[in-house]
Amino acid sequence: MTSVLYDAPGPGAKRRNIIYTVVFVVLIGLAAWWVLATMDEKNQLDADKWSPFVTDSRVWTTFLLPGLLETLKAAALSLVIALPLGAILGIGRLSDHAWISVPVGVVVEFFRSIPVLIMMVFAHQLFVLFSTIDSEVRPLYAVVTGLVLYNASVIAEIVRSGIQSLPTGQTDAAKAIGMRKGQMMLFVLLPQAVTAMLPALVSQLVVIVKDTALGGAILGFNELLFQVRTITANYGANTIAALTVVALIFILVNFALTSFASWLERRLREGKKSTGAMVDRNVIDAAGGMGAAL
C-alpha cells in the first residue's frame, strides 16, 4: 500500500524498523545507566541532596515559586508588548507602499539578526547610563526589552507568513465587495490567519519563557534558573538536583502552554474559523533572509 508521501513498509522493512527500535531503546537505556552510575559515584544521588525539595517547603516558598513568578512576569510582559508590535510590523511588511515596507523590513531583519542576549546586555547598559530605574528592577526591564525587540521581529514574520498562507480568493472576494486594504486586513485576513499562526505563536511563547533564563545567567535577574545559585548556597552542593527540579518546572510550564494552544486551535477549527492553512516555524526561519542566515 502506498500514499502520496511514502511507500508503506513491507515485511522486511517492518522487521528492520523493529530491530532499529530495539537497538535505539537499548542504547538509550545504557546511556541512562551510565549517567546514573556516574552521578552515584560523585554522590549526586544522595538523599540529602534531593530531600529538601520534598521535606522543606521553604525551598519552594522562598526560592522556586518566587523565581517562577518572575519568569512568568517577564514572559507575560514581553508577550503583551511584542504581540501587537509584531502584528503591526508584520502588516507593515505587507504594505503596498515601499516607504513603509522597506524600513519595516530593515527593522525586522536587524533585530532578528542580533542574539537576544546581546540586546538584553545592551539594554541593561542603556538603562544604567540614561535612566533612573532602580537597580533591583533594572534586570527585569533589560530582559523584557531584549525579548520584545527580538520576538516582535519574529512575530512579524509569523504574521506575514500567516496572512500570505491564506487562499488568494479571500483577498479577491474582499476587493470585489469594495473593501479598502485596511478593512480587508482587519476584518477578513487577520481573523482567518489567527489559527494558521497559532502553532508558531505558541512555539515563540515557549522560546520567550525559556529565554528569560538568559537574564538570570548574565544580568542577575531573579528568575527561576537564577534560584539554583541560592538553593545550592543554602542547601549544600546539590546543583544537579536543583537544576533537575528547575528543568522539570520549565517542562511542565511549556507543556501546559502547548496543551492549551492545541485545545484552542482545535476549538477554532471546529468553529470553522480556519482555512486549513498552517504556518511552520521552520518556513519562517528559512524565509527570513539575513536573519535566518545568521
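Nothing in this text is a laboratory measurement; each read-out follows from the coordinates by a stated rule. Bear in mind the structure is a predicted one, so any value in this text is a computation, not a measurement. For neighbour counting, all protein chains shown are included, and Cβ atoms are generated from backbone atoms with ideal geometry for every residue, glycine included.
Brief remarks on what is shown
- Cross-link partners of residue 73 among aspartates and glutamates (Cα-Cα below 14 Å; sequence separation of 8 or more within a chain): 211, 223
- Exposure proxy shown here: for 100, 231, the number of other Cβ atoms within 10 Å sets the order, fewest to most, as 100, 231.
- Extension gain, residue 240 back to residue 217 (0.36 nm per residue minus Cα-Cα distance, nm): 6.6 nm
- Across all directions, the average flat footprint of the convex hull enclosing the Cα atoms of segment 58-191 is 10.9 nm².
- Neighbour counting of Cβ atoms within 10 Å sorts the residues 150, 20, fewest neighbours leading, into 20, 150.
- Cα gyration tensor shape of segment 72-129, rounded if a/c is under 1.5, else prolate or oblate by comparing a/b with b/c: oblate
- Restricting segment 13-85 to trypsin sites (Lys or Arg not before Pro) that sit in a DSSP loop and have at most 12 other Cβ atoms within 10 Å of their own Cβ leaves 42.
- Ignoring aspartates and glutamates fewer than eight residues from residue 175 along the same chain, the ones with Cα atoms less than 16 angstrom from its Cα are 96.
- Virtual spin-label span in nm between residue 266 and residue 110, 7 Å along Cα→Cβ: 4.4 nm
- Extension reserve of the residue 258-residue 210 stretch, reckoned as 0.36 nm per residue once the Cα distance is removed: 15.9 nm
- Placing unit charges on each Cβ (+1 for Lys and Arg, -1 for Asp and Glu) gives the chain a dipole about its Cα centre, and among 128, 173, 189 the Cα reaching farthest toward its positive end belongs to 173.
- By the count of neighbouring beta-carbon atoms within 10 Å, fewest first, 157, 70 end up ordered 70, 157.
- Helical runs assigned H by DSSP (4 residues or longer) give the chain a calculated mean residue ellipticity at 222 nm of -24500 deg cm²/dmol, each run adding -39500 (n - 2.57) before division by the residue total.
- Helix screen, the chain: DSSP H segments with Cα axial length of 24 Å or more and mean Kyte-Doolittle hydropathy at least 0.0 are 11-41, 65-93, 138-164, 190-218, 239-270.
- Only Lys, Arg, Asp and Glu carry charge here, each on its Cβ (+1 for the first two, -1 for the last two); on that basis the chain has a dipole of about 860 debye about its Cα centre.
- Cα pair distances exceeding 35 angstrom across the chain, given as percent: 38 percent
- When peptides 175-186, 115-126 are ranked by their average number of other Cβ atoms within 10 Å per residue, the highest-first order is 115-126, 175-186.
- Efficiency of FRET from Cβ geometry, residue 62 and residue 24, R₀ 45 Å, rounded to 0.05: 0.60
- Whether segment 1-138 is rounded, prolate or oblate, judged on the alpha carbon gyration tensor where a/c under 1.5 counts as rounded: oblate
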